[in-house]
Amino acid sequence: MRELLTEALTLTAERRIRAVIGATYPLARARDAHTSLAERATLGKSLLLV
């Protein structure tokens, strides 16, 4: 597992892979973000903005 994590972090640092951000939500809408994830309505990652 450590080797996989090291490889993933290395590839990320080299910008060869990146996370896909599907949606952003202000912290006040955390409930909406959770609902969207639970309903699989978002492709990629969801971010809460503080």
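Bear in mind that the values in this text are calculations on the coordinates, not laboratory data. In this text the structure is predicted, and so the values were computed from the model without any measurement. Note that each Cβ is placed from the backbone with ideal geometry, even for glycine, and that neighbours are counted across all protein chains shown.
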* **Phi-based couplings in Hz for the range 34-46 (Karplus 6.51, -1.76, 1.60; Gly and Pro marked x)** => 5, 4, 4, 5, 4, 8, 6, 8, 10, 8, x, 8, 10
* Counted charge near Leu37, where neighbours are those whose Cβ lies closer than 13 Å (Asp, Glu -1; Lys, Arg +1) -> +2
* Asked: Once the Cα atoms of helix 2-13 and of the chain are each reduced to a long axis, what angle between those two axes, in degrees from 0 to 90 to the nearest 10, is obtained?
  -> 80 degrees
* **Backbone HN-Hα couplings from phi across the range 14-30 [Karplus 6.51/-1.76/1.60, Hz, Gly and Pro as x]** => 7, 6, 8, 9, 8, 6, 8, 8, x, 7, 10, 9, x, 3, 5, 10, 4
* Restricting the chain to trypsin sites (Lys or Arg not before Pro) in coil, as DSSP defines it, with at most 13 other Cβ within 10 Å -> Arg15, Arg16, Arg18, Arg40
* Rounded, prolate or oblate (a/c below 1.5 giving rounded, otherwise prolate when a/b exceeds b/c) for the chain by Cα gyration tensor -> prolate
* Quote the relative contact order of the chain in percent (integer), defining contacts as alpha-carbon pairs under 8 Å separated by 6+ residues. => 40 percent
